[in-house]
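Here's the structure, in structure tokens; my notes come after.
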Amino acid sequence: VQDLISKYQNQIKIISFNPYKGKNHFSREEKAIRFNLAETATDVRGAYRSLFHEMGHNIDYLLGDVSCTRNFRNALINDFGTVVNNYMKMYNCDIQTAYSGIGKKIRDDKYHSISDLVDMITDGACRGRYRHEENYRRKKNRLEMEAFAHFFEAYTRNDVEKLEALEEMFPNAINLFYKMIGGK
């Protein structure tokens, strides 16, 4: 991650600390990041999490949208499917009960990335507390792009607890991510 940030430092641009419509984001049109510095500095989900998440989108874009592959998408979906199947076997329940139980376990702030991705994978059928709006999550490649940005943010901040949770939930997808960024 450090190598990527160093390599692309002149192409990672922050154009505003006043995000458009109050939402931190990377604008593909402007090739730049907008985020609220004060809010992200004290984010309960991790200091500067939003900045590094949006940098993840920026890096993915600069790498030619490396996240936008069928393999990465399938790994995310299959990894979560394994979690759901294991839950159903462990609790001898149906998929709706599994979704409900998993959703309850990912409500804490530290699982915000997992909550967002699971919501996208299941089209809202399984959710924790965090998610993107329905019209956003249904756009092409959003799952893959968001996963890349979530993984990038956790890895950049060296958030060990979050990385362990992501690796447990999405082991194959995170291995693909590491390969995308030139690691492991």
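Observations on the structure shown:
- Looking only at segment 1-27, residues that are assigned to a helix (DSSP H, G or I), under 27 Å from I174 (Cβ atoms) and open to solvent by less than 100 Å² (accessible area, probe 1.4 Å) come to 4 in all.
- Apart from one condition, F148 fits all of (1) closer than 22 Å to G46 by Cα; (2) of a type outside the set (S, T, Y); (3) at pLDDT below 95; the exception is (3).
Residues are listed down the side, and each one gets a yes or a no for (1) crowded, with 21+ Cβ neighbours inside 10 Å; (2) within 16 Å of I77 (Cα to Cα); (3) of a type in the set (A, V, I, L, M, F, W, C):
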{"position": "K105", "(1), (2), (3)": "no, no, no"}
{"position": "D108", "(1), (2), (3)": "no, no, no"}
{"position": "S113", "(1), (2), (3)": "yes, yes, no"}
{"position": "E133", "(1), (2), (3)": "no, no, no"}
{"position": "E144", "(1), (2), (3)": "yes, yes, no"}
{"position": "F152", "(1), (2), (3)": "yes, no, yes"}
{"position": "I174", "(1), (2), (3)": "yes, yes, yes"}
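- Residues that are on the phi < 0 side of the Ramachandran plot and in a loop (DSSP other than H, G, I, E, B) were ranked within segment 56-80; the one that is surrounded by the most Cβ atoms within 10 Å (Cβ to Cβ) is S67.
- Of the criteria (1) touching a helix residue (DSSP H, G or I) at 6+ places or on another chain (Cβ under 8 Å); (2) assigned to a helix (DSSP H, G or I); (3) open to solvent by less than 80 Å² (accessible area, probe 1.4 Å), which one E39 fails: (3)
- The lone exception for E30 - which of (1) closer than 23 Å to R107 by Cβ; (2) surrounded by fewer than 17 Cβ atoms within 10 Å (Cβ to Cβ) it fails: (1)
- Scanning segment 154-170 for residues that are buried (at least 21 other Cβ atoms within 10 Å of the Cβ), of a type in the set (A, V, I, L, M, F, W, C) and in a helix (DSSP H, G or I) gives A154, L166, M169.
- A Cβ distance below 6 Å, combined with a sequence gap of six or more or placement on separate chains, defines the contacts here; from segment 51-68, residues that are under 20 Å from N36 (Cβ atoms) reach residues that are open to solvent by 40 Å² or more (accessible area, probe 1.4 Å) and outside any helix (DSSP H, G or I) in the pairs F52/R157; E54/N24.
- Filter pass, S100 being assigned to a helix (DSSP H, G or I) and at pLDDT below 95: no
- If the condition is being aromatic (F, W, Y) and in contact (Cβ under 8 Å) with a residue 40 or more places away in the chain, then segment 3-25 contributes only Y8.
- Qualifying residues in segment 45-55 (those that are in a helix (DSSP H, G or I) and in contact with an Asp or Glu (Cβ under 6 Å, 6 or more places away or on another chain)) - the one most open to solvent (accessible area, probe 1.4 Å): F52
The values are calculated or read from the model by the stated rules, or taken from the named source; none is laboratory data. Note that this is a predicted model, so its numbers are computed, not measured. Quick reminder, even Gly has a Cβ in these numbers, built from the backbone with ideal geometry, and neighbours come from all protein chains shown. Ligands, DNA and RNA are excluded from the accessible area calculation, which covers all protein heavy atoms including side chains. Shrake-Rupley method; radii C 1.70, N 1.55, O 1.52, S 1.80 Å.
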